[in-house]
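The values are calculated or read from the model by the stated rules, or taken from the named source; none is laboratory data. Just so it is clear, the model here is predicted, and its values are computed rather than measured. Cβ atoms come from the backbone with ideal geometry, glycine included; neighbour counts cover every protein chain shown.
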Amino acid sequence: MASLTRAGSVTVTLDGSNKSASLPLLEGTLGTPVADIRKLYNDLGIFTFDPGYGETASCESKITYIDGDAGVLLYRGYPIEQLAEQSDFVEVCHLLMNGDLPDAAGLAKFRKDVTYHTMVHEQLRRFFDGFRRDAHPMAVLCGVVGAMAAFYHDNLDINDARQREIAAFRLIAKVPTIAAWAYKYSLGQPFIYPRNDLSYAANFLHMLNAVPAEEYKVSPTLEKAMDLILILHADHEQNASTSTVRLAGSTGANPFACIAAGIAALWGPAHGGANEAVLKMLAEIGDAKNIPAFISEVKDKNSHTKLMGFGHRVYKNFDPRAKIMKQACDSVLKELGVTHEPLLEMAVELERIALTDEYFVQRKLYPNVDFYSGIILKAMGIPTSMFTVIFAVARTIGWISQWKELIEDSSQRIGRPRQIYTGADKRDYVPVAGRG
Ligand code: ACO
């Protein structure tokens, strides 16, 4: 498989001195070339400044590629549109984790490995009782996934490839169980155990919605929609939560701790929390007639109000996932017989206004995946507090694949950024009696 190639160099000269450095220019298979600055401090005695890492490649990766200007997303080279239409989530997990689509036997084995890890240690169940009943399910998910390291000691040696693989299967398989139980706990309903005869998406829906008192049949429409949502959220290269997983992983921390760190980072409203925030925003707007006033507020620099579900660090064009999600949203609502969904109608109107308004056009702000995912989840009967949890269930495969790649990369070092210090100069301590 193709790797990094040298594509010339860039010369950097320090103004007012005769010092210069030649920075190798590196190219991957696709995408923008990067200047290798690893010797910059050695050669010129300077660091680089890039808050938010918007211009900095932090690793070499073979997993996911995004072209933000063209609106392209590839998992291991395969366009997201093709995977969304023709694949299923477990096959996508194999692709992300192992690099290729499996043959029939490989796929069957992978499905079995995922399916037979879905139960969680019975003692882990008791862990839930420590949470307040009204805890946010993301808080519960983060805590319980972190606690997995206390229950699965037999696969904590990150230098053993087989143990890494078992940890990966455990995470992909058990996170939906933990997520569903976080929900059940908030409702005060009994936990529903995983069912091995159901697909990954159907089993998850069953654990979320079934009660022991009666039979629950998973609707094929909801199963298909859930599977699609999982595929679309499975990986997205070096976003905030994935970078958090990699940073934690670079210290040698165990995989469960690293994924818990990713879940914590995902929770923020600027990242995975945006799907929940979109619904709250639509509810607050309340009616399409209030949209112009809301848009004015968004454009007012002093208001700090954002159009949630719009904008992206990398996509300066349509987020391809948002396009697929919008189509799915239309067909799910149709199949569920929802003919009038005021939130969707408001979202469509917001999108129409935002796509023609100078403020959004100039800043290249387009709908991202979260703009429509909340509406589809709501139509599926999933409560708002679970939206980001579902994102975390899907993203677990991306995080674990990126973590494995990091551990298997011989050039990886502990993540340790620099800073520009602008605090006080060196000064002497004055005892309290002598101050002021
Ligand atoms: N509404 C209004 N204005 C926005 C929005 C928005 N949603 N997003 C960006 N802008 C404006 C900024 O105010 C800024 O304007 P300025 O140049 O006048 O100061 C300009 O667009 C550039 O924005 P940045 O903040 O520099 O963009 P950045 O790449 O740092 O942020 C982010 C990206 C965090 C996603 C941002 O667009 C945002 O907060 N969006 C809303 C939250 C959201 O939907 N997050 C989900 C992201 S996708 C995901 O995680 C799955």
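If you check Ile166, Ile229 for being touching a residue at least 60 places away in the same chain (Cβ under 8 Å), on the phi < 0 side of the Ramachandran plot and out of contact with any strand residue (DSSP E or B) (no Cβ under 7 Å at 6 or more places or on another chain), only one passes: Ile229. For segment 7-29, filtering for residues that are within 21 Å of Ile66 (Cα to Cα) and out of contact with any Gly (no Cβ under 7 Å at 6 or more places or on another chain) leaves 5.
Checking each residue in segment 30-52 for being loosely packed, with under 13 Cβ neighbours inside 10 Å and farther than 29 Å from Gly71 by Cβ picks out Arg38, Lys39, Asn42, Gly45, Phe49.
Is at least one residue of segment 112-128 out of contact with any helix residue (DSSP H, G or I) (no Cβ under 8 Å at 6 or more places or on another chain), assigned to a helix (DSSP H, G or I) and surrounded by 11 or more Cβ atoms within 10 Å (Cβ to Cβ)? Yes: one or more hits. The set of residues in segment 1-28 that are surrounded by fewer than 13 Cβ atoms within 10 Å (Cβ to Cβ) and in contact (Cβ under 8 Å) with a residue 40 or more places away in the chain comprises Met1, Ser3. When the residues of segment 281-293 are filtered to those that are of a type outside the set (Val, Ile, Thr) and more than 15 Å from Glu341 (Cα to Cα), the one that is farthest from the ligand (Cβ to nearest atom) is Lys289. The single condition from (1) hydrophobic (A, V, I, L, M, F, W, C); (2) at pLDDT 95 or above; (3) under 29 Å from His312 (Cα atoms); (4) in contact with an Asp or Glu (Cβ under 9 Å, 6 or more places away or on another chain) that Leu23 fails is (3). Scanning segment 141-161 for residues that are surrounded by 15 or more Cβ atoms within 10 Å (Cβ to Cβ) and part of a helix (DSSP H, G or I) gives Leu141, Cys142, Gly143, Val144, Val145, Gly146, Ala147, Met148, Ala149, Asn155.
From the list Val34, Val72, Val10, which one is among the hydrophobic types (A, V, I, L, M, F, W, C), out of contact with any Phe, Trp or Tyr (no Cβ under 7 Å at 6 or more places or on another chain) and closer than 28 Å to Ala201 by Cα? Outline the logic, then answer.
Details: Val34 fails: closer than 28 Å to Ala201 by Cα; Val10 fails: closer than 28 Å to Ala201 by Cα.
Of Val34, Val72, Val10, the one residue that is among the hydrophobic types (A, V, I, L, M, F, W, C), out of contact with any Phe, Trp or Tyr (no Cβ under 7 Å at 6 or more places or on another chain) and closer than 28 Å to Ala201 by Cα is Val72.
For the structure I just gave you, tell me whether Asn275 is among the polar types (S, T, N, Q) and either surrounded by 19 or more Cβ atoms within 10 Å (Cβ to Cβ) or within 15 Å of the ligand (Cβ to nearest atom) (or both).
Details: among the polar types (S, T, N, Q): yes; either surrounded by 19 or more Cβ atoms within 10 Å (Cβ to Cβ) or within 15 Å of the ligand (Cβ to nearest atom) (or both): yes.
So Asn275 fits the description; yes.
At least 1 residues being buried (at least 23 other Cβ atoms within 10 Å of the Cβ) and away from the ligand (no atom under 12 Å from the Cβ) is the threshold, and among the helices (runs of 4 or more DSSP H) wholly inside segment 294-393 those reaching it are 320-335, 342-356, 369-379. When the residues of segment 233-259 are filtered to those that are in a helix (DSSP H, G or I) and free of Cβ contacts under 8 Å to residues at least 24 places away in the same chain, the one that is farthest from the ligand (Cβ to nearest atom) is Ala248. Taking residues in segment 331-346 that are under 10 Å from Ile376 (Cα atoms), and partners anywhere that are of a type in the set (A, V, I, L, M, F, W, C) and modelled with pLDDT under 85, the pairs with Cβ atoms closer than 7 Å and at least 6 places apart or on different chains are Leu333/Leu344. Scanning segment 13-38 for residues that are of a type in the set (D, E, K, R) and in a strand (DSSP E or B) yields one hit, Glu27.
Filtering segment 138-161 for residues that are in contact with a Cys (Cβ under 8 Å, 6 or more places away or on another chain) and not basic (Lys, Arg) leaves an empty set.
If a residue has to be free of Cβ contacts under 8 Å to residues at least 24 places away in the same chain and not charged (D, E, K, R) to count, how many in segment 80-100 make the cut?
First pass over segment 80-100, keeping only residues free of Cβ contacts under 8 Å to residues at least 24 places away in the same chain: 82, 85-86, 91, 94-95, 98.
Among the residues that remain, those that are also not charged (D, E, K, R) are: 82, 86, 94-95, 98.
Residues in segment 80-100 being free of Cβ contacts under 8 Å to residues at least 24 places away in the same chain and not charged (D, E, K, R): 5 in total.
For segment 198-223, a residue qualifies if it is of a type outside the set (A, V, I, L, M, F, W, C) and either out of contact with any helix residue (DSSP H, G or I) (no Cβ under 8 Å at 6 or more places or on another chain) or not in a helix (DSSP H, G or I) (or both), and the qualifying residues are Ser199, His206, Asn209, Pro212, Glu214, Glu215, Tyr216, Lys217, Ser219, Pro220. Can you tell me which residues in segment 177-206 are under 15 Å from Phe128 (Cβ atoms) and under 22 Å from the mean Cα position of the chain (by Cα)? Residues satisfying the conditions are Thr177, Ile178, Ala179, Ala180, Trp181, Ala182, Tyr183. The set of residues in segment 39-75 being outside any helix (DSSP H, G or I), free of Cβ contacts under 8 Å to residues at least 24 places away in the same chain and within 16 Å of the ligand (Cβ to nearest atom) consists of Asp50, Glu55, Thr56. Sub-8 Å Cβ pairs linking a first residue in segment 274-291 that is more than 23 Å from Ala392 (Cα to Cα) to a second residue that is in a helix (DSSP H, G or I) and of a type in the set (Asp, Glu), at least 6 apart or interchain, are Ala288/Glu345; Ala288/Glu349; Ile291/Glu349, ordered by first then second residue.
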